[in-house]
1. Could you figure out which of (1) in contact (Cβ under 8 Å) with a residue 60 or more places away in the chain; (2) surrounded by fewer than 19 Cβ atoms within 10 Å (Cβ to Cβ); (3) within 13 Å of residue 363 (Cα to Cα) isn't true of residue 198?
2. Counting only residues that are under 22 Å from residue 439 (Cβ atoms) and of a type in the set (A, V, I, L, M), which one in region 54-85 is most open to solvent (accessible area, probe 1.4 Å)?
3. Suppose we filter region 428-471 for residues that are among the basic types (Lys, Arg) and either in contact with a Phe, Trp or Tyr (Cβ under 6 Å, 6 or more places away or on another chain) or surrounded by 19 or more Cβ atoms within 10 Å (Cβ to Cβ) (or both); how many remain?
4. What pairs can you find where one residue is in region 112-127 and among the small types (Gly, Ala, Ser) and modelled with pLDDT under 95, the other is open to solvent by 70 Å² or more (accessible area, probe 1.4 Å) and assigned to a loop (DSSP other than H, G, I, E, B), and their Cβ atoms are less than 6 Å apart, with a gap of 6+ or different chains?
5. Would you check which residues across region 240-254 are within 16 Å of residue 362 (Cα to Cα), open to solvent by 40 Å² or more (accessible area, probe 1.4 Å) and touching a residue at least 12 places away in the same chain (Cβ under 8 Å) and list them?
6. On the basis of being surrounded by fewer than 24 Cβ atoms within 10 Å (Cβ to Cβ) and at pLDDT 90 or above, does residue 88 make the cut?
Amino acid sequence: MKNPIFLITLTACFIIVTTSCKKFLSQEPKYLITPEGAVVDEKSAQAILNGAYSFTGKDEWTVRFTAGFSSMLGTISYNTSAASFNMNATGDNNTLWPIFYKTINAANAAIEAISALPDSEFKNKERKNEMIAEARTIRAFVSIYIFWYFGRWWDDINSEYGILYRDEVSNLNNIYLARLTVGESYKRIIEDLDFAIAKAPHYSDGRRMSKELAKALKAKLLLNRGWEGDYQDALKLVNEVINTAAGVGLKLEPTLTSLYDNSWDSKELLFCRYREKTDDIIQAYNWTYGYNYVTLPASVWAKSILEKDRRYSEAWGMVKSPTMGNNTMYMACKKLCRKGRQVGGDNDKYTVYFLRLTELYFMKAELLQKTNAPLALAVEPINLIRRRSNLSDTTVTTENAFNRLLFQELFVELHMENEADWMASLRLKDENGQKMIHGIRGPSVTVNEDRIIWPIPTVEMKYNTKMVQNPSYENLLYP
């Protein structure tokens with residue numbers, strides 16, 4: 001009998017480390033032991049939590065994660081099947097699914113082990129709950145992206161196409177699970193985020209989960225969901241993060257160049273991808289962001305928006321191969337590829353901007369408009385971000401003009417960083433009342449709205465008899 005491929009989720013990271021709290025997030029598991037045997041005090045509790053963080057630093061969280069969304073948006077030429085909404089059950093999604101669930105499994109291991117420790121093992125009685133909250137935020141963060149990649153997040157509350165949610169360490173008794181409904185998927189993710197909002201530590205840097213990150217993630221979830229009361233609740237959360245940012249050290253960088261140069265050290269980042277050890281990254285394909293594939297924007301629309309904006313030269317440029325001895329230069333997204341490791345100093349801080357403060361200002365603008373604020377008030381957060389790049393303020397007089405402005409500004413600032421531009425293209429409407437994605441892709445591409453998410457991949461469908469495939473993908477084969 002063959003072992004299920006997705007039993008790889010069993011390999012959670014349980015390692016006790018003796019380094020400082022800063023040098024932890026890319027520690028590879030040296031051996032596998034049970035949580036009961038490993039976690040006996042606060043020090044070992046911190047170690048198992050560090051192990052959960054380490055999975056967000058893996059190579060799969062780079063180009064595979066970001067370029068899938070951008071390919072569907074049509075703004076880069078990376079994943080050709082995604083660009084034509086003709087995804088199959090193998091490829092990038094077959095790699096993302098396992099890393100998503102490995103990360104969740106490591107978070108669950110931390111939650112279970114730390115919860116089982118008596119309070120007396122912690123010097124500070126609050127620290128136990130903080131650590132659990134960090135792990136639950138990791139679980140929520142990954143579950144959100146499973147939802148946006150693989151679940152019909154826009155469906156009715158009773159839809160069967162929610163996420164496969166795991167809140168226990170994987171074992172042979174619970175490996176086969178069915179999907180939650182859409183409503184239950186939202187409920188479980190929000191429960192984790194609400195716990196984190198109540199118990200997580202305040203922001204310290206973009207490497208760690210925080211109360212502010214949990215608020216921002218919940219606001220993003222509510223903004224995309226758009227049920228009754230969601231926009232008001234999301235706006236409240238966004239305002240809380242923005243208004244308290246300075247007090248916890250969270251701040252906008254003075255320029256985009258300084259943001260990109262600082263990479264994971266930037267105080268603009270609520271959460272980012274981080275590796276303590278960077279010497280090995282030139283050997284890892286995805287650390288380079290597949291720089292020779294993530295080339296100039298593929299769509300005429302994207303090129304016309306980016307190339308006329310002064311921020312374009314900060315985000316794009318000639319990038320040298322990071323492989324020693326290879327002097328090939330490509331025009332690429334240098335904010336992600338950076339300069340290539342051969343060019344000056346420590347240029348190997350390849351990060352992913354999972355969420356940064358700039359995005360919250362765009363969320364605030366959209367939420368103000370959606371809650372019927374005057375357009376002059378709604379456009380102010382957009383202008384605040386423009387001023388950072390010495391661009392003049394702009395005004396709008398209609399909802400259509402506001403939507404166009406918001407999307408273009410969001411795209412120029414955040415393209416290729418996460419899913420923000422892709423999801424905005426599905427939320428915002430054009431002058432014809434259509435989702436903006438249709439106009440962006442143009443008449444040459446038919447946007448199949450059943451395929452704005454990816455199919456459940458082979459690694460799950462081949463063995464999990466309880467798993468239901470997404471609509472329009474039912475005829476896929478699982479080699």
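1. (3)
2. Per the stated criteria, the residue is 83.
3. 4
4. Pairs that qualify, where the first residue is among the small types (Gly, Ala, Ser) and modelled with pLDDT under 95 and the partner is open to solvent by 70 Å² or more (accessible area, probe 1.4 Å) and assigned to a loop (DSSP other than H, G, I, E, B): there are none.
5. 240, 251, 252
6. For residue 88, the condition - surrounded by fewer than 24 Cβ atoms within 10 Å (Cβ to Cβ) and at pLDDT 90 or above - is met.
Here's the yes/no breakdown for (1) open to solvent by 30 Å² or more (accessible area, probe 1.4 Å); (2) in contact (Cβ under 8 Å) with a residue 40 or more places away in the chain:
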{"residue": "160", "(1), (2)": "yes, yes"}
{"residue": "175", "(1), (2)": "no, yes"}
{"residue": "181", "(1), (2)": "yes, no"}
{"residue": "186", "(1), (2)": "no, no"}
{"residue": "194", "(1), (2)": "yes, no"}
{"residue": "210", "(1), (2)": "no, yes"}
{"residue": "215", "(1), (2)": "yes, no"}
{"residue": "228", "(1), (2)": "yes, no"}
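The rows are residues; the columns are (1) over 27 Å from residue 306 (Cα atoms); (2) touching a residue at least 24 places away in the same chain (Cβ under 8 Å); (3) assigned to a helix (DSSP H, G or I).
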| site | (1), (2), (3) |
| --- | --- |
| 368 | no, yes, yes |
| 373 | yes, no, no |
| 376 | no, no, yes |
| 403 | no, yes, yes |
| 413 | no, yes, yes |
| 425 | no, yes, yes |
| 443 | no, no, no |
| 471 | yes, yes, no |
| 474 | yes, no, no |
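The values are calculated or read from the model by the stated rules, or taken from the named source; none is laboratory data. Just so it is clear, the structure is predicted and the values come from calculations on it, not from any experiment. In this analysis, Cβ positions are derived from the backbone assuming ideal geometry, glycine residues included, and neighbour counts consider all displayed protein chains. When the accessible area is computed, the model is the full protein with side chains, heavy atoms only, and any ligands, DNA or RNA have been set aside. Shrake-Rupley method; radii C 1.70, N 1.55, O 1.52, S 1.80 Å.
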